[in-house]
Amino acid sequence: MKYACLVYRDPADYADEPPEEGVKLIDDAIDYDEELRRAGHFIMGQALQPVETAVTIRVRNGVMAATDGPFAETKEQLAGFILIEARDLNEAIRLMEAGPMARAATIEIRPFLDLQHSRETR
């Protein structure tokens with residue numbers, strides 16, 4: 001089963017973090033991604049630019065509206081994601097718990113929802 005592991009972090013944590021700790025966290029995360037890849041769990045992962053670079057769009061009644069920044073105002077912001085393959089939710093939890101980002105961020109683990117077009121179910 002595939003899981004999206006969404007990494008949330010408070011931007012204030014970056015400001016309070018000594019630069020060498022930030023560099024170590026990045027190095028450790030890249031190393032852990034490679035470890036997951038070698039074990040056959042890693043699909044892809046990517047850090048995201050700060051929320052100030054985001055744009056949120058909506059189309060309602062045929063009209064598109066765009067606003068700067070994320071949709072929700074929260075303390076923790078989406079900082080990145082990791083897509084993994086795991087036997088079940090328990091294995092996905094164990095895999096993310098063992099990684100360095102769990103010590104520095106909050107990780108939301110969500111199973112993929114396999115959608116099928118209605119033509120395929122007939």
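Observations, loosely collected:
- Applying a DSSP loop filter and a limit of 15 other Cβ atoms within 10 Å to the trypsin sites (Lys or Arg not before Pro) in segment 8-100 leaves Lys75, Arg87.
- Phi angles of segment 39-47 translate, via the Karplus equation with coefficients 6.51, -1.76, 1.60 and θ = phi - 60°, into HN-Hα couplings of 7, x, 9, 7, 9, 6, x, 7, 6 Hz per residue; Gly and Pro are given as x.
- For Asp10, nonlocal amide neighbours, meaning residues 5 or more places apart or on other chains whose placed amide H falls under 5 Å from its own, are Gln77.
- For mean projected area of the Cα convex hull in nm², calculated from these coordinates, the label among [x] 10.4; [y] 6.3; [z] 8.5: [x]
- Averaged over its residues, segment 29-122 has an accessible area of 76 Å² per residue, based on protein heavy atoms and a 1.4 Å probe.
- Surface share of carbon and sulfur [accessible, 1.4 angstrom probe, percent] for segment 1-113: 57
- Hz values of 3J(HN,Hα) by residue in segment 5-12 - Karplus curve (6.51, -1.76, 1.60), Gly and Pro given as x: 10, 8, 9, 10, 8, 6, x, 5
- Rounded to whole Hz, the Karplus (6.51, -1.76, 1.60) HN-Hα couplings of segment 95-111, x for glycine and proline: 5, 6, 4, 6, x, x, 5, 5, 7, 10, 8, 9, 10, 9, 10, 10, x
- Helix-only [θ]222 nm of the chain, DSSP H runs n ≥ 4, -39500 (n - 2.57) each, per residue, nearest 500: -9500 deg cm²/dmol
The values are calculated or read from the model by the stated rules, or taken from the named source; none is laboratory data. The structure displayed is predicted, hence computed values, not measured ones. Virtual Cβ from ideal backbone geometry, glycine too; neighbours counted across all protein chains shown. We work out accessible area using only protein heavy atoms, side chains counted, and drop any ligands, DNA or RNA first. Shrake-Rupley method; radii C 1.70, N 1.55, O 1.52, S 1.80 Å.
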